[in-house]
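What follows is calculated from the coordinates using simple rules that are stated; it is not laboratory data. Every value quoted in this text rests on a predicted model; they were computed, and no experiment measured them. Cβ coordinates were reconstructed from backbone atoms using ideal geometry, including for glycine residues, and neighbour counts include every protein chain displayed.
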Amino acid sequence: MKILVIGSGGREHALAWKLSQSSRVKKIFIAPGNAGTADHGENVPIKADEIEKLKRFALKEGMDLTIVGPELPLSLGIVGAFEGVGLKIFGPSKEAAAIETSKVFSKEFMARHNIPAAGFRKFTDPEEAKSYAGTLEARDIPLVVKADGLAGGKGVFVCNSMDEAFLAINLMMKEKIFGEAGNCVILEEFLTGEEASFIAITDGKTVIPLATTQDHKPIYDGDKGPNTGGMGAYSPAPVVTEEVEEEIMNAIILPAVKAMGDEDRPYKGFLYAGVMIKDGKPKALEFNCRLGDPEAQALLMRLKSDLSRVISAAADGRLDEIELDWDERSSVCVVMASEGYPEGYEKGKEIRGLDGVAGTEDVMVFHAGTKREDGRIITDGGRVLGVTGLGNGIKEAIEKTYRAVEKISWEGAYYRKDIGVKALRKESP
Ligand SMILES: Nc1ncnc2c1ncn2[C@@H]1O[C@H](COP(=O)(O)OP(=O)(O)O)[C@@H](O)[C@H]1O
Ligand SMILES: [Mg+2]
């Protein structure tokens, strides 16, 4: 079969790599892809948000299946556009993607269906938001302020004082730093505990959880500094015990999939719940309508099943025929980023040492912001590589991964040194 993967990050490189292992897959296209995806298929110079062009390309090539990596094309209705012309595509419709693309929809949806989550109020008027915040007490600090739309993972401010909260409200609602997403904001109760990413695949009827995983959002070691797209991940995540997993499925994931169907927004795709776990009790922080990045890299490294078979079945509504098979070993993904990320950074630095890592057993270097130029591979984004390794237990996975990371360099390469440490502490306290 011919498969089109949409996106250009580490997640999409991992998808293309995994798909390429299947004997059923004859050709993979990645739009637009990066220097790494080109090793597993053909990069197509169409951006992920150019829905019409993507559709025409898929029709012309007679694509058997399209897999959408990032949220943007989903939010623009790529699934409806493809299905409207009879093309098979895996991901939620625009209406179903609202579970991620509108924080207001998502919070009200969770409240309507008694999905455990932080308490909140929504505001469309900045003065009302500020006067409400003004009535809060010291124990309501930190206060979480969220813009109502896709803001590239930057639309959430955890405010440590009321002044900070007022500032956040002004920036979002008056200065419109996130544009339209600031028309409505959410003021939300701060939850404490440990965060995990919980991802399931569903065809709208059957729901299968993927292996457990944990992301590392902040830029610096010890979870300090501003949030990023994700600086590393590992799987399994010991904080998600079997009991916690059961609770997340029963209280969050299954009710969400069912309720989306009941609300006439049938959900098909990967469904990702960001959860906060305290004393073994999970609460939902948010939903995402896609695989996480870098969680996907850590997960796909452990997946033994044929991904093309799994996704084809889910796209056809036959997910009940599928069982997922996971490598018992642990995986760790360390993201190497450009100096300055998540703020400004330079591009175009030559990446060295990739050949020294290529072929290392149980290690994969997934590319994100990279491109090929004059036979060299250069940096082309904030997050550049996701070095991912498998090991017997988290300790070995960490060691193997960092050994590979240390062989790769470019001017200004930055990475966290503590990916996986939280899991390690739980394994051998
Ligand atoms: N209610 C909350 N309590 C504590 N931390 C929160 C809360 N909401 C969000 N956060 C923190 O902010 C991060 C980003 O928020 P999230 O709702 O996941 O939005 P997005 O991923 O769209 O930026 C979370 O990963 C979490 O660390
Ligand atoms: Mg999030």
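Data for the structure
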item: Trypsin sites (Lys or Arg not before Pro) lying in DSSP loop within the stretch 1-36, provided at most 12 other Cβ fall within 10 Å; result: Arg24, Lys26
item: Contour minus Cα-Cα distance for Trp326 and Lys27 (0.36 nm per residue); result: 105.2 nm
item: Pairwise centroid distance, computed over Cα atoms, of the stretch 325-351 with the stretch 131-155, Å; result: 29
item: Residue-by-residue Karplus 3J(HN,Hα) for the stretch 188-203, coefficients 6.51, -1.76, 1.60, Hz, glycine and proline x; result: 10, 5, 7, 9, 9, x, 10, 8, 9, 9, 10, 10, 10, 10, 9, 9
item: Estimated dipole of the chain in Debye, rounded to 20 [Cβ of Lys and Arg +1, of Asp and Glu -1, Cα centre]; result: 780
item: Pairwise label distance in nanometres, Lys60 with Thr241, each label 7 Å out on the Cα-Cβ vector; result: 5.6
item: Burial ordering of Ile141, Ile398, fewest other beta-carbon atoms within 10 Å first; result: Ile141, Ile398
item: Residue order, fewest to most surrounding Cβ atoms within 10 angstrom, among Thr37, Thr388; result: Thr37, Thr388
item: Kirkwood Rh, angstrom, the stretch 245-338 [1 / mean 1/r, Cα pairs]; result: 15.3
item: Fraction in percent of alpha-carbon pairs per bin - 20 Å, the chain; result: 26, 60, 13, 0
item: P(r) of the stretch 125-183 over all Cα-Cα pairs, binned every 5 Å from zero, in whole percent; result: 4, 22, 31, 24, 13, 5, 0
item: FRET efficiency, Glu164 to Lys122 (Cβ-Cβ, R0 25 Å, nearest 0.05); result: 0.80
item: Cα centroid of the stretch 370-427 to Cα centroid of the stretch 297-321, whole Å; result: 26
item: Cα principal axis extents for the stretch 2-93, largest first, Å; result: 30, 24, 21
item: Extension gain, Ala358 back to Glu175 (0.36 nm per residue minus Cα-Cα distance, nm); result: 61.2 nm
item: About the Cα centre, charge dipole magnitude for the stretch 2-93 (Lys/Arg +1, Asp/Glu -1 at Cβ), debye; result: 280
item: Mean Cα-pair separation over length for the stretch 194-427, i.e. relative contact order, pairs under 8 Å, 6 or more apart, %; result: 22
item: Efficiency of FRET between Arg318 and Ala138 - r from beta-carbon atoms, R0 41 angstrom, step 0.05; result: 0.15
item: Gain upon complete extension [Asp49, Ser131; 0.36 nm per residue less C-alpha separation]; result: 25.6 nm
item: Kirkwood Rh, angstrom, the stretch 185-278 [1 / mean 1/r, Cα pairs]; result: 14.6
item: Count of lysine pairs in the stretch 2-93 with Cα separation under 15 Å (8 or more residues apart, or interchain); result: 12
item: Bins of 5 Å, starting at 0 and running to the largest distance - Cα pair percent for the stretch 293-364; result: 3, 11, 15, 16, 16, 13, 10, 10, 4, 1
item: Estimated 222 nm signal from helices in the chain, with DSSP H stretches of n ≥ 4 weighted -39500 (n - 2.57), rounded to 500; result: -8000 deg cm²/dmol
